[in-house]
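Computed from the coordinates by the stated procedures, all read-outs in this text should not be read as laboratory data. What you see is a predicted model; the values in this text were computed from it and never measured. Methodologically, a virtual Cβ is constructed for each residue, glycine included, from the backbone with ideal geometry; neighbour enumeration extends over all protein chains shown.
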Amino acid sequence: MLHSNLLRLVARGSSSRLMSTATKLTTVEVNDETGIATLTMNRPPVNSQNVQLLLDLQASISEIENNKSRGLILTSAHSNVFSAGLDIFEMYNTDVERLRTVWTELQNVWIALYGTSLPTAAAINGHAPAGGCLLATACEYRVMRPNFLIGLNEAQLGIIAPKWLMSGFTNVLPKRVAERALTQGRMFTTQEAFEAGLVDEIASSKEEAVEKCAAFIGSFAKVNPLARGLTKLQFRADNIKEFEKIREKDVADFAALASSPEVQKVMGTYLENLKNKGKK
Ligand SMILES: CCCCCCCCCC/C=C\CC(=O)SCCNC(=O)CCNC(=O)[C@H](O)C(C)(C)COP(=O)(O)OP(=O)(O)OC[C@H]1O[C@@H](n2cnc3c(N)ncnc32)[C@H](O)[C@@H]1OP(=O)(O)O
């Protein structure tokens, strides 16, 4: 009988294995030929990041690190959204403790993804606003399907993203472009993101995006994995150290900001607009 601790489960033919997880909102599938793991977010309809999805992402990243995969590709099970960012419903009209948990688990996912020595790539098969962009830019490489939007839109929502949350973004864009985009809360189209360097390639389908991500990860085949991983982490060490210094305070700051009547009001209006959009 299948149970949550079952380790390996043959899923689709012989070329890939669905790794069992104790989770429901993510799946991990390892390609037998390449040894690359695909981590798929599956929280309908838009992969909004509630605490459970954030915990499941962490469990899946650990699983991939422990199962000796050669790399990690992050993608979505949905046809037009990679991830809509934090679940605003979960942050609205709730208590401070819940807000602290949301933020702590977002931090935990980010550091797990940003700080892994494994090669990582995002197959962005739909929109990736805010927390969706955060996950994509924590990866080393991004391939995106056409005609979607990606960016950190916090300034447009009247909120300030902390420095660690912007650091993946500022790693990949020239400083001047990043500053302008962040202060505008700009959402880039796929084409604009490609031209700016926010995404590395454009792919016409999810399958092609995953293949291109796999080719990027495959480009390290002849590089010593320890040397590769340590080199990557040296590049990221300053951001990681800065983050570790402020992570406790950052949780307190977020909980205070998100629970304030002003931000709660913004969330309420934002949620109304999202709901009404569906009725139009
Ligand atoms: C206001 C935020 C306050 C935050 C407090 C302080 C934070 C400080 C630092 C910030 C760091 C991270 C912040 C975030 O990640 S906040 C989340 C920001 N996300 C967005 O702005 C994206 C909002 N969504 C969209 O733009 C669109 O939904 C989409 C992703 C482009 C998809 O469009 P679509 O047409 O395919 O789908 P749509 O009809 O809009 O939505 C379908 C249903 O999903 C619900 N939904 C969408 N996004 C969210 C979300 N982020 N959280 C919860 N639920 C979401 C939407 O309401 C629809 O539901 P229903 O079908 O009507 O029931």
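Indicate the gyration tensor shape class of the stretch 181-220 (rounded, prolate or oblate), computed on the Cα atoms with a ≥ b ≥ c the square roots of the eigenvalues: a/c under 1.5 is rounded; otherwise a/b larger than b/c is prolate and the rest oblate. Prolate.
Among the listed pairs Lys206/Lys265; Lys68/Lys222; Lys24/Lys68; Lys175/Lys222; Lys163/Lys265, which are separated by more than 26 Å between their Cα atoms? Walk me through the numbers before you get to the answer.
Values: Lys206/Lys265 37 Å; Lys68/Lys222 16 Å; Lys24/Lys68 22 Å; Lys175/Lys222 32 Å; Lys163/Lys265 24 Å.
Cα-Cα > 26 Å for Lys206/Lys265; Lys175/Lys222; rest within.
What is the local net charge at Cys213, summed over the other residues whose Cβ is closer than 14 Å to its Cβ (Lys, Arg +1; Asp, Glu -1)?
Local net charge: -2.
Projecting label points 7 angstrom from Cα along Cα→Cβ for Ser15 and Asn67 puts them 1.8 nm apart.
Could you tell me which helices of the chain pass both thresholds, a Cα extent of 15 Å or more along their own axis and a mean Kyte-Doolittle hydropathy of at least -0.5, with helices taken as whole DSSP H runs? In the chain, the long hydrophobic H runs are 51-66, 96-114, 206-218, 225-259.
Within the same chain, aspartates and glutamates fewer than 8 places from Lys212 are excluded, and of the rest, those with a Cα less than 14 Å from its Cα are Glu140, Asp200, Glu201. Here r is the Cβ-Cβ distance between Glu195 and Ile160 and R0 is 22 Å; the resulting FRET efficiency, rounded to 0.05, is 0.25. With the helix formula -39500 (n - 2.57) applied to DSSP H stretches of n ≥ 4, the chain reaches a computed 222 nm mean residue ellipticity of -16500 deg cm²/dmol.
So in the chain, what percent of DSSP beta bridges are antiparallel if you round to the nearest 5?
On the way: 15 of 34 bridges.
Around 45 percent of the beta bridges assigned by DSSP in the chain are antiparallel ones.
Given bins 10 angstrom wide, list per bin the percent of all Cα-Cα distances in the stretch 206-280, short to long. Per 10 Å bin, starting at zero, the Cα-Cα P(r) for the stretch 206-280 comes out as 15, 19, 20, 26, 18, 2 percent.
Return the whole-Å distance between the Cα centroid of the stretch 138-201 and the Cα centroid of the stretch 47-64. Centre-to-centre (Cα) distance: 22 Å. Amide H of Leu149 versus every other amide H placed in the peptide plane: which residues, excluding those fewer than 5 positions away on the same chain, fall under 5 Å? Those lying under 5 Å, H to H, from Leu149 are His127, Ala128. Counted residue by residue at 0.36 nm each, then reduced by the alpha carbon distance between them, the extension gain from Tyr92 to Thr269 reaches 62.7 nm.
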